[in-house]
């Protein structure tokens, strides 16, 4: 068939129309994607994504919550704005508003704790629209920093999600919990990790002098005893016992260097346990760090405190720990659950400064309990049942900075879960900080690289070539 000028024009018109359609579709898709703000977080740490726990907490908000950001117009922090936009889309009860400190210089005055305090520019205010309960988040709450060798600081982590989700939990509940830590018995200094965990659980920490102060109400209170090295008086022990009998909660920590404390041991024995002095040696390499038999990777049992760790396969590292003995004489209604235990190949050395790690006379064969949960349910008054809970840990060093700074351990989560169990707190509020120390984009595996390279360099060009040949052959027969 003879090709005519009209044929060329007709098929040339088809080609032009097809090209215009492809361009139009591309433009429309770009507009749609832009309007939807479609983005992919390719950072390995998911710095700009919200966790499942945050989505759960935010979607569950039943009352209006206002988030006020004190930043100048046009100078908003991009990362903060990106994350807040994600919160804003999860619940219609949540509203994000930017308040320029220059345009609204007195706005933050209503959120000062005292007349002399300030709410600095860059802060974020979370407020319950119904109750007026609020929490102010400063820059130090939103970002983690570390000191440099030149006496400066550098940004080391993003704690925006951690801080905001905790604040949402705080303003949306009527409960204000308090941790009362005892003093006057040569207790070890409370580690930063414990303070941080209490803050993540929206708990306030207050010192308690048992000799002079009245005991707090058992409602919404935890008494913390952190490794005392001198004994309590009998009067102090009675105060603690009475507090617990009324449904109080307690966290009791011990350590391998702690001497025998007669009165304190009476409190422990009241709940069917005793402190095993000494240091646990682990000979099963599956339950300790390589070449470190005193750095234990204990077995965990199923419990509200440990379930999230077993699911994520995060170990708790317990260094240089003493033990807890089950006296097997607990009163009716008292139950003891061993949370962490050494293996049956371990043993407790009574000499904490041994010349050898070998088993010697006087040492105690394992397994050894390292942490336990004690619960007592008193239902004598059916209308007002009493629930007492104790978290007991034979080691205090598992909260050292060296232990909690490792991303591969669950030490911080273990402690946070303990707070949650004691206080019946929803641990959804506990969001870990996202570190920047190893910040990078998500890497592509070698197999993914081969597939991607094959698609872009072989498959797609081959498809285009085949289509081109097909069109060329058809045109030759026109």
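When the range 256-266 is filtered for residues that are buried (at least 18 other Cβ atoms within 10 Å of the Cβ) and in a helix (DSSP H, G or I), only 264 remains. Here residue 250 does not qualify as part of a strand (DSSP E or B), more than 19 Å from residue 399 (Cβ to Cβ) and in contact with a strand residue (DSSP E or B) (Cβ under 9 Å, 6 or more places away or on another chain). Within the range 205-220, the set of residues being under 29 Å from residue 136 (Cα atoms) and surrounded by fewer than 21 Cβ atoms within 10 Å (Cβ to Cβ) comprises 205, 206, 207, 216, 217, 218, 219, 220. Determine if the range 330-339 includes at least one residue that is under 17 Å from residue 254 (Cβ atoms), over 27 Å from the mean Cα position of the chain (by Cα) and surrounded by fewer than 17 Cβ atoms within 10 Å (Cβ to Cβ). No: zero hits. Selection over the range 374-394 of residues that are over 14 Å from residue 338 (Cα atoms) and in a loop (DSSP other than H, G, I, E, B) gives a count of 7. Pick out the one residue from 395, 401, 363 that is farther than 15 Å from residue 296 by Cβ and touching a strand residue (DSSP E or B) at 6+ places or on another chain (Cβ under 7 Å). Being farther than 15 Å from residue 296 by Cβ and touching a strand residue (DSSP E or B) at 6+ places or on another chain (Cβ under 7 Å) holds for just one of 395, 401, 363, which is 363. Screening the range 367-386 for residues that are at pLDDT below 90 and touching a strand residue (DSSP E or B) at 6+ places or on another chain (Cβ under 9 Å) and picking the one that is farthest from residue 301 (Cα to Cα) gives 380.
Of the numbered conditions (1) under 15 Å from the mean Cα position of the chain (by Cα); (2) modelled with pLDDT of 80 or more, residue 404 fails exactly one; give the number of that condition. In the conditions (1) under 15 Å from the mean Cα position of the chain (by Cα); (2) modelled with pLDDT of 80 or more, residue 404 misses (2) alone. For the range 223-236, the condition holds for no residue, the condition being that it is in contact with a strand residue (DSSP E or B) (Cβ under 6 Å, 6 or more places away or on another chain) and at pLDDT below 95.
Residue 140 satisfies every condition listed in (1) in contact with a strand residue (DSSP E or B) (Cβ under 7 Å, 6 or more places away or on another chain); (2) at pLDDT 65 or above except (1). Exactly one residue among 66, 109 is assigned to a strand (DSSP E or B) and more than 28 Å from residue 413 (Cβ to Cβ), and that residue is 66.
Yes/no matrix, rows are residues, columns are (1) assigned by TED's automatic domain parsing to the domain that holds residue 371; (2) assigned to a helix (DSSP H, G or I); (3) out of contact with any helix residue (DSSP H, G or I) (no Cβ under 6 Å at 6 or more places or on another chain):
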{"position": "170", "(1), (2), (3)": "no, yes, yes"}
{"position": "180", "(1), (2), (3)": "yes, no, yes"}
{"position": "197", "(1), (2), (3)": "yes, yes, no"}
{"position": "212", "(1), (2), (3)": "yes, no, yes"}
{"position": "229", "(1), (2), (3)": "yes, no, yes"}
{"position": "236", "(1), (2), (3)": "yes, yes, yes"}
{"position": "242", "(1), (2), (3)": "yes, yes, yes"}
{"position": "268", "(1), (2), (3)": "yes, yes, yes"}
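From the list 91, 53, 66, the lone residue that is closer than 24 Å to residue 202 by Cα, at pLDDT 90 or above, in contact with a helix residue (DSSP H, G or I) (Cβ under 7 Å, 6 or more places away or on another chain) and surrounded by 12 or more Cβ atoms within 10 Å (Cβ to Cβ) is 91. Remark: residue 177 falls outside the filter, which requires a residue to be in contact (Cβ under 8 Å) with a residue 40 or more places away in the chain and buried (at least 22 other Cβ atoms within 10 Å of the Cβ).
Consider the range 97-125. How many of its residues are within 16 Å of residue 64 (Cα to Cα) and either touching a residue at least 40 places away in the same chain (Cβ under 8 Å) or surrounded by 16 or more Cβ atoms within 10 Å (Cβ to Cβ) (or both)? Result for the range 97-125: 1. Regarding residue 202, is this residue in contact with a helix residue (DSSP H, G or I) (Cβ under 7 Å, 6 or more places away or on another chain), assigned by TED's automatic domain parsing to the domain that holds residue 183 and crowded, with 21+ Cβ neighbours inside 10 Å? Yes.
Kindly establish whether residue 126 is at pLDDT 80 or above, within 19 Å of the chain's Cα centre (by Cα) and more than 30 Å from residue 253 (Cβ to Cβ). Against the criterion (at pLDDT 80 or above, within 19 Å of the chain's Cα centre (by Cα) and more than 30 Å from residue 253 (Cβ to Cβ)), residue 126 does not qualify. For residue 194, the test of being within 26 Å of residue 96 (Cα to Cα) and touching a residue at least 12 places away in the same chain (Cβ under 8 Å) is failed.
The values are calculated or read from the model by the stated rules, or taken from the named source; none is laboratory data. Predicted model, so just to flag it, every value in this text is computed and none were measured. Don't worry about glycine lacking a Cβ; one is built from the backbone with ideal geometry, like all the others, and counts go over all protein chains shown.
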